[in-house]
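Computed from the coordinates by the stated procedures, all read-outs in this text should not be read as laboratory data. Just so it is clear, the model here is predicted, and its values are computed rather than measured. Please note: Cβ atoms are built from the backbone with ideal geometry, for glycine as well, and neighbour counts cover all protein chains shown.
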Amino acid sequence: MKVTVGVTGGIAAYKAAELVRALQQQALDVHVVMTAAAQQFVSPLTFAGLTGHRVITGLWDSDGQVPNANSAIEHISEAQSTEALIVAPATADILARLAHGMADDFLTTMALATPAPLILAPAMNVQMWEHPATQANLETLRLRGATIVSPDSGYLACGMLGEGRLAKVEDLVRTILDVLHRRHDMASETVLVTAGGTREPVDPVRFIGNRSSGKMGYALAEAALYRGAHVILVSAPTRLDPPTGCEFVPVTTAEEMRQAVLKHLPRATLVMKAAAVADYRPRLRAEQKIKRTGPITIELEPTEDILAEIIKLRQPGTLVIGFAAETENPVEHARGKLSRKGVDAIVLNDVTRPHIGFDSDRNAVTFLTANAAQELPEMPKRLLADRILDEVQQLRRPRQIVAEMNAVSILAKR
Ligand code: CTP
C-alpha cells in the first residue's frame, strides 16, 4: 500500500526520515514530497536512499520542464495513487496554505487533488502554535476531515519550553495505521442515512419544521463514503450539498421520508436515523395561503414512527442506530428510547448544551447501547461522525472473538 509523506521546512524535518523508516516497517510503500524550505534542512537524497523512489521536490524541473516526461500531470497521478498524504513536520506556513486551498507547489497542489486522507503532524515554536491564526487554520482543516496529530510538549529547538515538538514517531504511526484501516473498513456496507429536519405544510407557503441543519447526518454520510461504504442519503431540506458519490434521495415531509426509507431499506446493512422527523403534521393542508383573521387553531395528527417500521422490516444482520435529541434527563430518556424502539444503539444529543448541536459545526454525543455508554467529547461533526462509525463497527465485531483474542494475547504474554 502506497502512502506519501510530505516534508516541510522545519527543524523537525530530519525526524521525517525516522517516520519513513517506521512506516516501511509496517510494509507500506513510502513516497516522499519535499517543499523548497524542507530541502534547506534535509537533502532529498536522504529520502531517495531510504525509500528507493525519486523524491518529488517541485512542480517543475530546473530547466522549466515538468519533472516526469511520462506524466505531464504528475501531481494528479501521485494524488490519485496514494492511500494517505501525511505532512510531517507540518509548519505554520503549510497549515495556512492548506487551509486556504493554495496550490503554489507540489505538496499543496497534490493535497487539493487527492481523495486520500490528509494527516497533519504540526511542529513549530510554541507561540506560533498557539497563535489564533494557526489554531483557526487547524480548525478549518479539521472541519474538512483532516486528522491532526497534536505536537508534544517539551524543550523546543528555539530554546523555549512548551507545545510544538513533532509528535512521537510511534504515535504518528499508530494514527496513520488507524486512518488507513478506516479507509476501507466499510467497503461491504450499504449505509442508509437520514438527515435534516422534515417540513409539514400548513398552507402553500408555510410549514412546521425544526432546527435540524442536517450537518450531523451529512457528516455521517461523508464519513461512511470515505470508508468505502455505498451510501444512500435520504434528506429533508438543508442548505448543504450532498457528499459526492452518495445516492441522494431528497424528501420534504415525514411521510415522504418514510416512503423513501422503506423503499431503500432492503438494500441497507446499516441504518443511521439522524433526521429530525416531525412527530405531528397538520391534519389538513390549506389549499390557499391562510389570511390573517382572528386566532386560528391548526389540528395536528401524529406521523408514523419510521424507526419502529424499520425495526419490524429490517433484514437479519442490519444494524439500526437511532438518534435522540433531548432537553431533560437525557440519558434516562435515551435509554428508554433504546429499549422501546428496539434499536442497536442510540446517539444521544443533549441539545441544551450551549454553542454545540443544532446548526453548529461541532457536537458532543453519548453512544448508548443496551449495556454501555460511550461519551464522545466535543469535536467537529465530521470527526465525530468517524468516532460514531468506529462505535458502530464495534457492534459488528462478535464479542466472543474479541474475548478469545484477549485470552490468546494474555497467554502469549505469559
Ligand atoms: N423518528 C422516526 N420517525 C418519527 C419520529 C422520530 O423515525 N416519526 C426517529 C428519529 O429519526 C430518531 C429517533 O426516532 O432517530 C428518535 O427521535 P425523537 O424525536 O428523539 O424520538 P421520538 O420517538 O419522537 O420521541 P419523543 O419525541 O417523545 O422524544
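This model, with +1 at the C-beta of Lys and Arg and -1 at the C-beta of Asp and Glu, gives the chain a dipole about its Cα centre of some 960 debye. Taking a ≥ b ≥ c as the square roots of the eigenvalues of the Cα gyration tensor, region 253-377 is classed as oblate, since a/c reaches at least 1.5 and a/b does not exceed b/c.
Which shape class, rounded, prolate or oblate, goes with region 2-184 when its Cα gyration tensor gives a ≥ b ≥ c as root eigenvalues, a/c under 1.5 marks rounded, and past that a/b bigger than b/c marks prolate?
On the way: a/c = 1.40, a/b = 1.36, b/c = 1.03.
In terms of gyration-tensor shape, rounded.
Set the Förster radius R0 to 45 Å, insert the Cβ-Cβ distance between residue 397 and residue 45 as r into 1/(1 + (r/R0)^6), and round the FRET efficiency to 0.05.
Details: r = 45 Å, r/R0 = 1.00.
Computed FRET efficiency for residue 397 and residue 45: 0.50.
For region 220-249 versus region 1-41, the spacing of their alpha-carbon centroids is 34 Å. Between the Cα long axis of helix 330-341 and the first principal axis of the chain there is an angle of about 70°, rounded to the nearest 10. Cross-link check: pairs 2/168; 289/341; 168/215; 2/273; 215/263; 312/381 evaluated at a Cα-Cα cut-off of 32 Å; pairs beyond the cut-off: 289/341; 168/215; 2/273.
For residue 188 and residue 1, a Förster radius of 22 Å and the Cβ-Cβ distance give a FRET efficiency of 0.70, rounded to the nearest 0.05. Over region 138-187, Cα pairs under 8 Å with separation of 6+ residues give a relative contact order of 24 percent.
Placing +1 on the Cβ of each Lys and Arg and -1 on the Cβ of each Asp and Glu in the chain, which of 146, 379, 296 has its Cα farthest towards the positive end of the resulting dipole? Looking along the dipole axis, the top candidate is 296. For the chain, the longest principal axis of the Cα atoms and the long axis of helix 15-24 meet at an angle of about 70 degrees. Across the options 253, 331, 308, the greatest Cα extent toward the positive end of the charge dipole of region 190-404 (unit charges at beta carbon of Lys, Arg, Asp, Glu) belongs to 253.
Summing charges over all other residues whose Cβ lies under 15 Å from the Cβ of residue 86, with Lys and Arg as +1 and Asp and Glu as -1, gives 0. Fully extending the segment from residue 333 to residue 174 would add 53.5 nm, taking 0.36 nm per residue of separation and subtracting the current Cα-Cα distance.
How many percent of DSSP beta bridges within the chain run antiparallel, rounded to 5? Walk me through the intermediate numbers first.
Numbers: 19 of 60 bridges.
The antiparallel proportion sits near 30 percent.
For the pair residue 144 and residue 293, a Förster radius of 51 Å applied to the C-beta separation gives a FRET efficiency near 0.50, rounded to the nearest 0.05. Subtracting the Cα-Cα distance of residue 315 and residue 29 from their residue separation scaled by 0.36 nm leaves 98.9 nm. The label-point distance for residue 203 and residue 60, in a model that sets each label 7 Å from Cα toward Cβ, rounds to 6.5 nm.
Looking at the square roots a ≥ b ≥ c of the eigenvalues of the Cα gyration tensor of the chain, which shape do they give, rounded for a/c under 1.5, prolate if a/b is larger than b/c, or oblate?
Verdict is prolate for the chain.
With respect to the chain, whose longest principal axis is taken over its alpha-carbon atoms, helix 215-226 is tilted by about 50°.
Normalising by the residue count of region 190-404, find the relative contact order in percent from Cα pairs under 8 Å and 6+ residues apart. The partial results should precede the final answer.
Numbers: 434 pairs, mean separation 42.3, N = 215.
Computed over region 190-404, the figure is 20 percent.
Under the simplified labelling scheme, the residue 285-residue 361 pair shows an inter-label distance of 3.5 nm, with each label point 7 Å from Cα along Cα→Cβ. Computed over the chain, the per-residue total of -39500 (n - 2.57) for DSSP H runs of n ≥ 4 gives a 222 nm mean residue ellipticity of -11000 deg cm²/dmol, rounded to 500. Taking label points 7 Å from Cα along the Cα-to-Cβ direction, residue 301 and residue 369 give a separation of 4.0 nm.
Considering only 196, 294, 154, the Gaussian network model of the chain with Cα springs below 10 Å gives its largest mean-square fluctuation to 294. What percent do you get for the relative contact order of the chain when only Cα pairs under 8 Å and 6+ apart count? Contact order relative to length: 11 percent. Taking the chain as a Gaussian network of alpha-carbon nodes connected by springs under 10 Å, the highest mean-square fluctuation of the residues 349, 329, 210 belongs to 329.
Across all directions, the average flat footprint of the convex hull enclosing the Cα atoms of region 190-404 is 13.3 nm².
Each Lys and Arg contributes +1 and each Asp and Glu -1, all at the Cβ; summed about the Cα centre of region 2-184, the dipole is approximately 340 debye.
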